[in-house]
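Notes to accompany the following structure.
The values are calculated or read from the model by the stated rules, or taken from the named source; none is laboratory data. Note that the structure is a prediction, hence the values are computed from the model and not measured. In this analysis, Cβ positions are derived from the backbone assuming ideal geometry, glycine residues included, and neighbour counts consider all displayed protein chains. Side chains are part of the model used for accessible areas, which takes the heavy atoms of the whole protein and leaves out ligands, DNA and RNA. Shrake-Rupley method; radii C 1.70, N 1.55, O 1.52, S 1.80 Å.
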Amino acid sequence: MSINRQQPSALATSVVAAPSLFQQVGMAGSAAVITVSFIHPIDVVKTRIQVSPEYAALGMGGTVKRVVGSEGVLAMWKGVNAAWLREASYTSLRLGLYEPCKIAFGCTTPENTTFVKKFAAGSAAGALGSLAGNPFDVLKTKMMTAEGKSAPSIVGTAKDLLKHQGVGGFYRGIDSNVMRAMVLNGTKMACYDTTKGYVVQYTGLAKTSLLTQFTSAVAAGFFMTCTVSPFDMVRTRLMNQPADAKIYANAGDCFVKIIKNEGPLTLWRGFMPIWSRFAPTTTIQLIIFEQLRSLMGMKSM
């Protein structure tokens, strides 16, 4: 009998053991790779609309029809292999490092955990993730915008980029990408974290409730779209510049030229496809991440 009583005790100890930083990053990366496999077609549509006025005039439905009709259904997954590598590096860090960054910014008790500190922690994690994922982001963007029925290979795209632009080509748009990642992850994690607190406070639902996580993730996805769209536009334009040309000198130059030549509202071109991507991506990503945290014995964010 004494042996039977001891076994659950040992099991309980193993369940509540806090995972390492490596495990947290691994859980975040797993959630991100699973999510992007389903969401990637929306990213293809969003990117085509951002880089081409012709696709922008067609809208989401028209772009899907044009791409599928002229390039085939699989064209909607162009660049997905680069997207997997990007998520495994960029998103694994920006999600997995959020809680360690919160602690670093002094978020140790509910009293001193402010929205500003949450935003700062999310921004820091986003910046670190962006530095790691930028090369794959550049490759993904180029592969998604390549027209034609034959899908470009990641190796061929990388070789062409290296030949014409050198190693620096893989970090084209790094300034706008880091800014975008800081705004995106700061908004995402701070809004998700804060909204979850309000949902728990006003509905009585638990933090671990799927409804709580779903509602908070949807709200975060909307606010992300509002703040990130201009940075996303600039990043896409910088990364999609021709391999043998340089239309924009840097992020600031790109902002100015877009506003001057196309009008300020162009910065929010593709708002609906961005939101269509952010809403399911954020929701699925965060829910999977929360469930993996629970399986590893971690408390809900």
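Just one of the numbered conditions (1) open to solvent by less than 20 Å² (accessible area, probe 1.4 Å); (2) over 17 Å from the mean Cα position of the chain (by Cα); (3) more than 13 Å from residue 180 (Cβ to Cβ); (4) not acidic (Asp, Glu) is not true of residue 256: (1).
In this structure, does residue 88 turn out to be modelled with pLDDT of 90 or more, open to solvent by less than 60 Å² (accessible area, probe 1.4 Å) and in a helix (DSSP H, G or I)?
Details: modelled with pLDDT of 90 or more: yes; open to solvent by less than 60 Å² (accessible area, probe 1.4 Å): yes; in a helix (DSSP H, G or I): yes.
Against the criterion (modelled with pLDDT of 90 or more, open to solvent by less than 60 Å² (accessible area, probe 1.4 Å) and in a helix (DSSP H, G or I)), residue 88 qualifies.
Rundown of residues vs (1) within 27 Å of residue 55 (Cβ to Cβ); (2) touching a residue at least 24 places away in the same chain (Cβ under 8 Å), yes/no style:
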{"residue": "138", "(1), (2)": "yes, yes"}
{"residue": "187", "(1), (2)": "yes, yes"}
{"residue": "217", "(1), (2)": "no, yes"}
{"residue": "223", "(1), (2)": "yes, yes"}
{"residue": "233", "(1), (2)": "yes, yes"}
{"residue": "247", "(1), (2)": "yes, no"}
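Inclusion of residue 136 among residues that are under 15 Å from residue 193 (Cβ atoms) and open to solvent by 20 Å² or more (accessible area, probe 1.4 Å) is not warranted. Among the residues of the range 104-121, those that are modelled with pLDDT under 90, of a type outside the set (Ser, Thr, Tyr) and either open to solvent by 20 Å² or more (accessible area, probe 1.4 Å) or assigned to a helix (DSSP H, G or I) (or both) comprise 106, 110, 111, 112.
For the range 56-77, a residue qualifies if it is surrounded by 14 or more Cβ atoms within 10 Å (Cβ to Cβ) and closer than 16 Å to residue 276 by Cβ, and the qualifying residues are 56, 58, 59, 60, 62, 63, 64, 67, 76. What number of residues within the range 139-171 satisfy the criterion of being surrounded by fewer than 21 Cβ atoms within 10 Å (Cβ to Cβ), in contact with a helix residue (DSSP H, G or I) (Cβ under 6 Å, 6 or more places away or on another chain) and among the β-branched types (Val, Ile, Thr)? Counting residues in the range 139-171 that are surrounded by fewer than 21 Cβ atoms within 10 Å (Cβ to Cβ), in contact with a helix residue (DSSP H, G or I) (Cβ under 6 Å, 6 or more places away or on another chain) and among the β-branched types (Val, Ile, Thr) gives 3. Residue 289 passes every criterion in (1) within 16 Å of residue 95 (Cβ to Cβ); (2) out of contact with any Phe, Trp or Tyr (no Cβ under 9 Å at 6 or more places or on another chain); (3) assigned to a loop (DSSP other than H, G, I, E, B); (4) hydrophobic (A, V, I, L, M, F, W, C) apart from (3).
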